[in-house]
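Visitor: What follows is a single structure, and I will ask about it in a moment.
The values are calculated or read from the model by the stated rules, or taken from the named source; none is laboratory data. Only a predicted model underlies this, so the values are computations on that prediction, with no experimental measurement involved. Neighbour counts are summed over all protein chains in view; Cβ atoms, including those assigned to glycine, are modelled from backbone coordinates with ideal geometry. Surface accessibility is based on the protein's heavy atoms, side chains included, excluding ligands, DNA and RNA. Shrake-Rupley method; radii C 1.70, N 1.55, O 1.52, S 1.80 Å.
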Amino acid sequence: LREPDLPDLLKLAFKKLIERHQNAVIGTVAKMLGNSSDAEDISQQVFLRIWRNAKRYRPDAKFTTYLFTITRNLVFNETRRRGRKKEVSSDEREENSHHLIEESPDRQPDSELLQAELQRAVDDAIAKLPETQRMAVVLRRYEQLSYEEIADVLKLSVSAVKSLLFRARTTLRESLSAYLDE
């Protein structure tokens, strides 16, 4: 048996890195853009940038902060490229969404319909947020990043992130008030 050489070890380590973080990146991009094929393409771009810039990476912060900073940049670029207001079908958005409410075996068919309607309403409300608010919500709610990590990713202060999330939650509460009142 021969000793694995450094390039083989790097490739193996990078493969493990992708396996560990790929779902989080795809989920974040899908939530931001509402399209699974775009999410996979942009996710590949994220990992390509990490690979190409590996020599320049300095572990001053958590790797996930670096990862989501690259993700943010590519998502914001794609959003601007699209011209901001591209409509996505409800079926496509439902296919790509992270579900907020747990599945339950004792739910009734009517409950399933209401659940799907609520999920679409939540996804629509999130999709209508300004991109920085949307990114902050996705990173906090779905990726469970701390305020500090979100601040690093968005290049804002922690107090600015808290304010951003407060405004986003207020907007979401207003957008979903019909569902919250029931």
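Visitor: Being in contact with a helix residue (DSSP H, G or I) (Cβ under 7 Å, 6 or more places away or on another chain) and hydroxyl-bearing (S, T, Y) is the filter; apply it to the stretch 65-81 and report the residue that is nearest to S146 (Cα to Cα).
Guide: Step one: filter the stretch 65-81 for residues in contact with a helix residue (DSSP H, G or I) (Cβ under 7 Å, 6 or more places away or on another chain), giving 65, 67-72, 74-76, 78-79.
Narrowing the set further to residues that are hydroxyl-bearing (S, T, Y) leaves 65, 69, 71, 79.
Details: T65: 10, T69: 14, T71: 17, T79: 24 Å.
Ranking the candidates gives T65 first.
Visitor: Determine whether N35 is surrounded by 14 or more Cβ atoms within 10 Å (Cβ to Cβ) and either modelled with pLDDT under 90 or on the phi > 0 side of the Ramachandran plot (or both).
Guide: Working: surrounded by 14 or more Cβ atoms within 10 Å (Cβ to Cβ): yes; either modelled with pLDDT under 90 or on the phi > 0 side of the Ramachandran plot (or both): yes.
Spelling it out, N35 is indeed surrounded by 14 or more Cβ atoms within 10 Å (Cβ to Cβ) and either modelled with pLDDT under 90 or on the phi > 0 side of the Ramachandran plot (or both).
Visitor: Cβ-Cβ distance below 7 Å, separation of 6 or more or different chains: which pairs start in the stretch 119-137 with a residue that is under 16 Å from R80 (Cβ atoms) and end on one that is aliphatic (A, V, I, L, M) and modelled with pLDDT under 90?
Guide: none
Visitor: For the stretch 144-159, enumerate the residues that are among the aliphatic types (A, V, I, L, M) and assigned to a loop (DSSP other than H, G, I, E, B).
Guide: Once the filter is applied, which keeps residues that are among the aliphatic types (A, V, I, L, M) and assigned to a loop (DSSP other than H, G, I, E, B), the stretch 144-159 yields L145, L156.
Visitor: Could I ask something else about it? Looking at K86, is it modelled with pLDDT under 75 and either part of a loop (DSSP other than H, G, I, E, B) or open to solvent by less than 70 Å² (accessible area, probe 1.4 Å) (or both)?
Guide: Details: modelled with pLDDT under 75: yes; either part of a loop (DSSP other than H, G, I, E, B) or open to solvent by less than 70 Å² (accessible area, probe 1.4 Å) (or both): yes.
Taking the combined requirement at face value, the residue satisfies it.
Visitor: Another question, then. Take R141 and tell me if it is open to solvent by 100 Å² or more (accessible area, probe 1.4 Å), under 19 Å from M32 (Cβ atoms) and either within 15 Å of the chain's Cα centre (by Cα) or at pLDDT 60 or above (or both). Lay out the reasoning, then the answer.
Guide: Numbers: open to solvent by 100 Å² or more (accessible area, probe 1.4 Å): yes; under 19 Å from M32 (Cβ atoms): yes; either within 15 Å of the chain's Cα centre (by Cα) or at pLDDT 60 or above (or both): yes.
So R141 passes the test.
Visitor: Given the options Q108, Q119, name the one that is over 30 Å from K62 (Cβ atoms) and either modelled with pLDDT of 95 or more or open to solvent by less than 50 Å² (accessible area, probe 1.4 Å) (or both).
Guide: Numbers: Q108 fails: either modelled with pLDDT of 95 or more or open to solvent by less than 50 Å² (accessible area, probe 1.4 Å) (or both).
Just one listed residue meets the conditions, Q119.
Visitor: For the stretch 126-138, state whether one or more residues are open to solvent by 60 Å² or more (accessible area, probe 1.4 Å), farther than 19 Å from L74 by Cβ and part of a helix (DSSP H, G or I). Write out each step before concluding.
Guide: Going through the stretch 126-138, the residues open to solvent by 60 Å² or more (accessible area, probe 1.4 Å) turn out to be 128, 130.
Next, only the ones that are farther than 19 Å from L74 by Cβ stay: 128.
With the extra rule that they be part of a helix (DSSP H, G or I), the set shrinks to none.
Checked against the condition, which is being open to solvent by 60 Å² or more (accessible area, probe 1.4 Å), farther than 19 Å from L74 by Cβ and part of a helix (DSSP H, G or I), the stretch 126-138 yields no hits at all.
Visitor: Take the residues in the stretch 49-58 that are out of contact with any helix residue (DSSP H, G or I) (no Cβ under 8 Å at 6 or more places or on another chain) and either hydroxyl-bearing (S, T, Y) or open to solvent by 80 Å² or more (accessible area, probe 1.4 Å) (or both), then tell me which one is nearest to R140 (Cα to Cα).
Guide: Once the filter is applied, the top-ranked residue is R58.
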